[in-house]
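Data block below; observations after.
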Amino acid sequence: MNLSRMNTDQAKHKIEELRKELHAHNHKYYVLDAPEISDQQFDMLLKELESLESKFPEFDDPNSPTRRVGSGITDKFEKVKHKYPMLSLSNTYSIEEIEAWEERIKKSIDQPVTYVCELKYDGVAIGITYIDGKLHRAVTRGDGQTGEDVTANVRTISTIPLSLTGDYPEEFEIRGEIFLPLQAFTEMNKRRVEAGEDPYMNPRNTASGSLKLQDSNVVAERGLDCFLYGLYGENLPGQSHSENMEAARSWGFKVPTYENRQIEKCSDIKGIESFIAHWDKERHALPFEIDGVVLKVDSYQYQDELGFTAKSPRWATSYKFKAEQASTILERVTFQVGRTGAITPVANLKPVVLAGTTVKRASLHNADQIEKLDLREGDTVFVEKGGEIIPKVVGVDITKRPIDSEHFTYISECPECGTPLIRNEGEAQHFCPNTLTCPPQVSGRIDHFISRKAMNIDGLGTETVDQLIREGLIQNPADLYDLQKDDVLKLERMAEKSAQNLIDGVEASKAIPFERVLFALGIRYVGETVAKKLAKHFKTIEALIAADQEQLVAVEEIGERIAESVVAYLNDPAHIAMIERLKSRGLQFELEESDGPSSNLLEGKSFVVSGVFNQMSRNELKQAIEANGGKVLSGVSKKTDYLVAGDNMGPSKRQKAEDFGVKIIDEQRFIEMISA
């Protein structure tokens, strides 16, 4: 049926139908790993739902599948008291301690006891409340008594259902662990390094930091995942932990499976020890980090009898794996030069097997780390891979140090071009300042420029870039736009069609929008998100070049470090000359007019829009705010200037606005403001 001809009842029915269908497909894709439709078909259904929700805002639902992509900026995370305290588990580090725990259980429970063994995910604990089958609130552990409301961010995680199916309790809480899969972590760090930013240290800390990001749109891009492992409530269906987790699976939750042995029931210490031994060996094959196993008494009746200590339940404990470590010889230290000139010391090791793989190289991070360890070539070192993707050197066996060993002297010149290194105050890494001719910086900068999320130049890859540099045909990104087909044909193994594809790809890249061109320049600390914010705020490269550090810091989410880097880059005559060349070749260095506000009537003012409106839809109101230079916020705070209030607005928003002294206006008053 044509959307414009739908009446309210038809729209309501269609919206509910689409939401139900999309929730089901989402579950099959992310939880069951058994998709039934293509990504394109899913996207078409999602777009249809988005159109209907925009046309009929009275059927707004925070748990709609359209909310998965993020719902904007959160000014603060509200403190929430846990209904059921989130106690931590006691830790054990040896089989003897596990045996002692099991003996204490048997002394207290004079009946056969069934235990549930689970993986101990290395992530962030979360408690999620559902009411009437809808996701209501998600709260972090905090201090165990009080946590922070991170609902908007948790809604973006595809494996956490927004709406349930089946026979679920009216209200309950389910707990689990939010984590960052290793592949997502690796890809994120690759993007950060390409943007000249320091890589994140480990998946757990990155997952934790992601949950505290203020912009849920950014959280949605991170690829977080979640396993659920505990049910709490007044009217749960089963009498044991395992029964209730199976019920939770039937409602749509992602819980560990028995088939791949990520959860297992056993009746004695031998079964527990077998589970621990299995995962101590196999954990490195998992696509996510674990740091141990969790053991629980299955029966709720026995759990009640065993009770709690002041800090943890007596009926559960965790066994922590030792971070796998190996001992080997540090043969020599070499240095890598990154795209932005950052110098990274690398330990070249006598090959050693660690976590199932042969390790020949390990990270040394920076000069401070080498000095802290008093590291010397020829030392016997300890290498670890606990919580890290790249192995790292964590210590030195001084007892095996050669008598003639010498203190290690950190390099003072770039190993690639011989330029004296610099180290800025407050930074851990040394840098080569020769951005124009240092070979790794030249090739790295061009590789970044042509990458998929930057200029995305078809027919051009790293190998071809290296050939073009060796032949003296290119030295910076602007040179790409002077290439002729005959130049390219001179390259080794370059055929006529490949050469034409390269030239066509370079030409097509001239249509890439300003924010991606800005990202492609490779300014240190300017990743995709920062580039978008800078482009949206300044509109043109001229305005950005003219901005000082204070004006840059005034832009949302732009800190001192980013501002310093942008100013330094745009104050360099060589960079300005390259930008001018790129402009003269036709690249986009300003936002199209439709991307900017049509007026500055609302400049400097922030708005929250809530309720149902008569003359404009809620989305049209938000677009009108931004088109007139205003800013749309997702929630009322002290920073809000106006609350645009429609019919059926929730009383809590109005109360907050009154408490903060926010001006409340209706739709007509808003229209008058932009009609002035």
In deg cm²/dmol, rounded to the nearest 500, the helical mean residue ellipticity at 222 nm of the chain, built from -39500 (n - 2.57) for every DSSP H run of length 4 or more, is -10500 deg cm²/dmol
Please turn the phi angles of segment 357-372 into ³J(HN,Hα) values with the Karplus equation 6.51 cos²θ - 1.76 cosθ + 1.60 (θ = phi - 60°), one per residue in order, whole Hz, x for glycine and proline. 10, 7, 9, 10, 9, 8, 6, 10, 6, 6, 5, 4, 5, 4, 5, 4
For Gln336, enumerate residues with amide H under 5 Å from its amide H, sequence gap 5+ or separate chain, H modeled in the peptide plane. Thr344, Val346
Among the listed pairs Lys106/Lys322; Lys539/Lys656; Lys106/Lys281; Lys254/Lys296, those beyond 24 Å (Cα-Cα): Lys106/Lys322; Lys539/Lys656; Lys106/Lys281
Loop only by DSSP, 13 or fewer other Cβ within 10 Å of the Cβ. Give me the GluC sites (Glu not before Pro) in segment 171-227 that pass, ordered by residue number. none
Can you tell which of Leu534, Gly459, Pro439 lies farthest toward the positive end of the dipole of segment 412-548, using +1 and -1 charges on the Cβ of basic and acidic side chains (Lys, Arg; Asp, Glu)? Leu534
Go from 0 up to the bin containing the longest alpha carbon distance in segment 465-508, width 5 Å each, and give me the % of pairs per bin. 5, 25, 36, 27, 8
Counting sequence-distant residues (5 or more places) and residues on other chains, those with an amide H built under 5 Å from that of Ile664 are Leu643
Determine by what factor the alpha-carbon radius of gyration of segment 514-595 differs from 2.2 N^0.38 Å, reporting the quotient. 0.99
DSSP-defined beta bridges in the chain - what % are antiparallel, rounded to 5: 85
Treat each spin label as a single point 7 Å out from the Cα along the C-beta direction, and report the Asp167 to Asp304 distance in nm. 2.2
Can you pull the one-decimal nm distance between simple spin-label points at Ser599 and Glu496, each 7 Å off the Cα toward Cβ? 6.0
Over all alpha-carbon pairs of the chain, lay out the pair-distance distribution in 20 Å bins, whole %, shortest bin first. 15, 41, 36, 8, 0
What is the projected area of the convex hull of the Cα atoms of segment 325-400, averaged over all directions, in nm²? 5.1
Work out how much length Gln369 to Arg137 would gain on full extension: take 0.36 nm times their residue separation and subtract the Cα-Cα distance, in nm to one decimal. 79.3 nm
Charges at C-beta only: +1 for Lys and Arg, -1 for Asp and Glu. How large is the resulting dipole of segment 444-517 about its Cα centre, in Debye rounded to 20? 240
Any idea what the dipole of the chain comes to, in debye rounded to 20, about its Cα centre with Lys/Arg Cβ at +1 and Asp/Glu Cβ at -1? 320
Jot down the per residue volume, in cubic angstrom and as a whole number, of the convex hull over the alpha-carbon atoms of segment 226-324. 132
Thr358-Thr399 FRET efficiency (beta carbon distance; Förster radius 22 Å; 0.05 resolution): 0.30
Under 17 Å by backbone N from the virtual spin label 7 Å along Cα-to-Cβ at Arg104, the residues of segment 294-323 are 294-298, 302-320
Give me the percent of DSSP beta bridges within segment 606-674 that run antiparallel, rounded to the nearest 5. 10
What shape does segment 81-320 have by the C-alpha gyration tensor, where a ≥ b ≥ c are the square roots of the eigenvalues, rounded means a/c under 1.5, and otherwise prolate means a/b greater than b/c and oblate the rest? oblate
R0 = 60 Å: FRET efficiency of Glu36 with Asn571, Cβ-based, nearest 0.05? 0.60
Segment 441-549: GluC sites (Glu not before Pro) in DSSP loop, at most 12 other beta carbons within 10 Å: Glu492
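We did not get these values from a lab; they are worked out from the coordinates using the rules stated. Because the structure is predicted, anything quoted here is derived from the model rather than measured. Here Cβ is always computed from backbone atoms with ideal geometry, including for glycine, and neighbour counts include all displayed protein chains.
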